[in-house]
Each structure stands twice: as C-alpha cells, then as structure tokens.
Amino acid sequence: MNETQNNELIISTAFENWTRGRGNIEHLLSPDLEWEVPGGSIVSGHYSRQRFIDTVLHGVEQRFRRHGSIRPLRVRLVLADRDWVSVVWDSAGITDADTGYRNTHAWFMRLDQGVIVQGISFFDGSAFDSLWAVVPGREN
C-alpha cells in the first residue's frame, strides 16, 4: 500500500467510526497539530492540538449532550494525494436547546506517519455561529 492509499484508509476508517458513534478524530491529531479555520466565524483562527479539541470539537459536542453527540451524518467524498486527505461531510443533530442543526464541512488534513499534523476546515459559518449563539457552552 502506498502513502496515498494508507492515508486515505486511516482517515476513511476514522470518519466511518465517527459516523457510527465510535469516537472522533482526536486520536489522530499530532501533538504538534496546526489547524486553521479560515473565514469570519466565531471560531475562525489558528489552533494548536489542545485548543482545537477544547474549543472546536468539544465546543460543538457540548451543545448536543441531551440528544447524543453530533457526528458526521454522511461522508460525501474522501480524496487523498500523498500526505493530504480531504473529506467533505454533512453533520446534523438536535441541540440541547431543542433546535435542529445541519452543516456541511470540508476538511483538508496533512498526515505524517499516520497522524494529522495540519488541518484546514471550511463550513457554513452562519449555521455554526447560530449554534454558538442559541446553545450556550462553557465559553458563554
């Protein structure tokens, strides 16, 4: 198996497990991770591993505790080219404020020796920011 195939398998497996409610991608994040959320969303910025987990991943999850965690509903596309893997996926759920949430995400991840060392994520910032405004989290 070459580098492209291996990296695609690692990310595809992680998203398949996440879709089925068996974890997320935290275990694949390098201690030296650099993650960027471009744009004008409330969470736009540059993140280290722990800050990305605490602010973005756990920040979203804590808004869905009463109805189960939010996770990928459908993976539309996984593309790999050497050390980069891109995933386009949809999420949906019922928030703790009993409001519906839907979004489509495009994540671009660079892997090194089986772990994610760099990531860039795009999503509907308006839907995401509404989630932050309507459902309080630890940071509110």
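Read-outs: derived from the displayed coordinates by stated rules, not from any lab. The model shown is predicted, which means the values in this text are computed figures rather than measured ones. Using ideal geometry, Cβ is built from the backbone for each residue, glycine included, and neighbour counts are taken over all protein chains shown.
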Practice problem: Would you mind checking the radius of gyration and Dmax of segment 3-134 based on alpha-carbon positions, in Å? | Solution: 14.1, 44
Quiz item: So what J values fall out for segment 45-60 if you push phi through Karplus, 6.51 cos²θ - 1.76 cosθ + 1.60 with θ = phi - 60°, rounded to Hz, Gly and Pro as x?
Solution: x, 10, 10, 7, 3, 5, 5, 5, 4, 5, 7, 8, 4, 6, x, 6
Quiz item: Once you mark the trypsin sites (Lys or Arg not before Pro) that are in a DSSP loop and have at most 12 other Cβ atoms within 10 Å, what is the longest gap between them in the chain?
Solution: 23-81
Exercise. Measure nothing but the geometry: give the 0 to 90° angle between the long axis through the Cα atoms of 125-134 and the longest principal axis through the Cα atoms of the chain, rounded to 10°.
Key: 40 degrees
Exercise. Positive end of the charge dipole of the chain (Lys, Arg +1 and Asp, Glu -1 on Cβ, about the Cα centre): tell me which of Val37, Val87, Pro136 has its Cα farthest that way.
Key: Pro136
